[in-house]
1. List the number of the failed condition for residue 9; all other conditions in (1) at pLDDT below 80; (2) closer than 30 Å to residue 144 by Cα; (3) open to solvent by 40 Å² or more (accessible area, probe 1.4 Å) hold.
2. In this structure, is residue 283 under 23 Å from residue 97 (Cβ atoms) and at pLDDT below 90?
3. State which residue is nearest to residue 194 (Cα to Cα) when the search covers only region 302-314 and only residues that are modelled with pLDDT under 90 and open to solvent by 50 Å² or more (accessible area, probe 1.4 Å).
4. Of all residues in region 285-294, which are of a type in the set (Ser, Thr, Tyr) and surrounded by fewer than 17 Cβ atoms within 10 Å (Cβ to Cβ)?
5. Restricting to region 166-185, give me the number of residues that are open to solvent by 60 Å² or more (accessible area, probe 1.4 Å) and either under 24 Å from residue 57 (Cα atoms) or at pLDDT 80 or above (or both).
6. Hey, among the residues in region 226-247 that are outside any loop (DSSP other than H, G, I, E, B) and under 15 Å from residue 303 (Cα atoms), which one's most open to solvent (accessible area, probe 1.4 Å)?
7. Only one of (1) at pLDDT 75 or above; (2) over 22 Å from residue 87 (Cα atoms); (3) not β-branched (Val, Ile, Thr) is not met by residue 255, so which one is it?
8. Search region 254-281 for residues being over 14 Å from residue 302 (Cα atoms) and without any contact (Cβ under 8 Å) to a residue 24 or more places away in the chain, and hand back the single one that is surrounded by the fewest Cβ atoms within 10 Å (Cβ to Cβ).
Amino acid sequence: MKRFRIGRYGVSLMETVVATAISGGLMATAVGLYVGGTRGFHNEQARTYAQLRTRTVLDRMATDARGATAFLSSTIVDGVSYTASSGPSPAACLILQVPSQDAYGLLYYGVGTATPQAIVTDTVIYYINPADQTLRRTVVPAVNVVTNDAHSPRTSYRSAERSAVIARNVQQFTLVLKNRDGTPVAATAGPRVASIDFQTQILGTGRASGECPVSVTGVRLRNMRSGSIPGCVMRNGVGVPNAVVKATYTSTTGAYPVGTIVISTTSDAIGTFELYGLMEGTYSVTASPTDGAAATVTNVVVGREAAASSVTVNVPPQV
């Protein structure tokens with residue numbers, strides 16, 4: 001009888017190493033694909049969130065700007081001075097006057113005051129704090145509660161804020177300011193500002209940092225007072241510099257009571273001036289030089305979003 005030996009077959013060390021290497025490679029590839037996909041998903045989420053935050057901030061600023069009656073060149077709040085600037089950041093600063101409203105959306109008027117027909121306005125400021133790259137908002141309501149009209153008492157819907165943070169990690173906040181003709185003007189132009197282009201970039205955090213594009217939106221100041229009176233102060237045919245020029249409202253009906261001094265300015269080195277930010281109506285223009293008597297021109301008509309004809313104010317000769 002023959003005996004058969006049952007052999008025991010195993011795996012060599014080389015085969016084990018090769019199999020392990022192949023398995024490890026396949027596993028590393030699978031893990032790499034998973035990690036890459038997950039990273040891309042989270043990065044895209046971060047970018048989308050950053051863009052959403054930018055859009056939300058732009059919408060908030062645009063809402064205030066769209067309803068603004070005026071753009072201010074400067075203001076002081078609680079002893080802190082703010083100066084309007086178009087940027088680039090970190091210097092950009094936006095100062096608006098926005099009509100006061102109650103919780104029902106009704107506007108406040110100056111009932112019981114020296115200007116009973118004038119709209120009461122709140123001050124809204126947006127600015128960059130360069131120390132921590134935050135965009136901040138300060139709100140100064142003209143009144144918190146109105147008690148002097150037929151709807152009293154009424155509470156303002158725009159509550160007071162001081163340096164409230166509305167966005168963090170702000171890399172850019174720039175303003176392009178334009179007059180009613182669409183021509184860019186300086187931030188110090190004040191009442192000449194008729195529209196604003198906002199340019200904002202709020203970066204994401206982590207791996208998405210630096211990947212959020214700049215968002216831009218343009219807004220026209222819907223309630224702006226955009227009429228103006230250009231002119232020149234003259235004496236004996238020569239321009240008079242540094243004369244104080246005032247526009248006084250004389251229409252019997254309109255935005256202000258008769259006799260309200262709406263705006264004033266100073267003539268330049270050759271005597272020219274322009275009074276900006278006027279509602280339509282009739283005005284008188286008074287020029288007061290530093291070295292003589294004043295003179296007044298009456299019945300100056302300002303149209304809606306238009307400039308009046310140029311006015312020459314001839315002041316008397318020096319005595």
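The values are calculated or read from the model by the stated rules, or taken from the named source; none is laboratory data. It should be emphasised that the depicted structure is a prediction, and the values quoted were computed from it without experimental measurement. Positions of Cβ are generated from backbone atoms using ideal geometry, with glycine treated the same way; all protein chains shown enter the neighbour counts. SASA here: full protein model, heavy atoms, side chains in, ligands and nucleic acids out. Shrake-Rupley method; radii C 1.70, N 1.55, O 1.52, S 1.80 Å.
1. (2) is the only condition that residue 9 fails.
2. Numbers: under 23 Å from residue 97 (Cβ atoms): yes; at pLDDT below 90: no.
For residue 283, the condition - under 23 Å from residue 97 (Cβ atoms) and at pLDDT below 90 - is not met.
3. Taking region 302-314 as the starting set, the residues that turn out to be modelled with pLDDT under 90 are 302-310.
After this cut, where a residue has to be open to solvent by 50 Å² or more (accessible area, probe 1.4 Å) as well, the list is 304-305, 307, 309-310.
Values: 304: 13, 305: 9, 307: 13, 309: 20, 310: 21 Å.
Of everything passing the filter in region 302-314, 305 is nearest to residue 194 (Cα to Cα).
4. Our first condition is that a residue be of a type in the set (Ser, Thr, Tyr); within region 285-294, this holds for 286, 288, 290.
Once the filter is applied, which keeps residues that are of a type in the set (Ser, Thr, Tyr) and surrounded by fewer than 17 Cβ atoms within 10 Å (Cβ to Cβ), region 285-294 yields only 290.
5. Here is the first cut: in region 166-185, the residues open to solvent by 60 Å² or more (accessible area, probe 1.4 Å) are 168, 171, 180-181, 183-184.
From what's left, either under 24 Å from residue 57 (Cα atoms) or at pLDDT 80 or above (or both): 168, 171, 183-184.
Going through region 166-185 one residue at a time, the tally reaches 4.
6. Pass one, region 226-247, residues outside any loop (DSSP other than H, G, I, E, B): 227-235, 238-239, 244-247.
Now drop any that are not under 15 Å from residue 303 (Cα atoms), which leaves 227-230, 247.
Details: 227: 1, 228: 0, 229: 0, 230: 29, 247: 0 Å².
Ranking the qualifying residues of region 226-247, first place goes to 230.
7. Going through (1) at pLDDT 75 or above; (2) over 22 Å from residue 87 (Cα atoms); (3) not β-branched (Val, Ile, Thr) one by one, residue 255 breaks only (1).
8. 259
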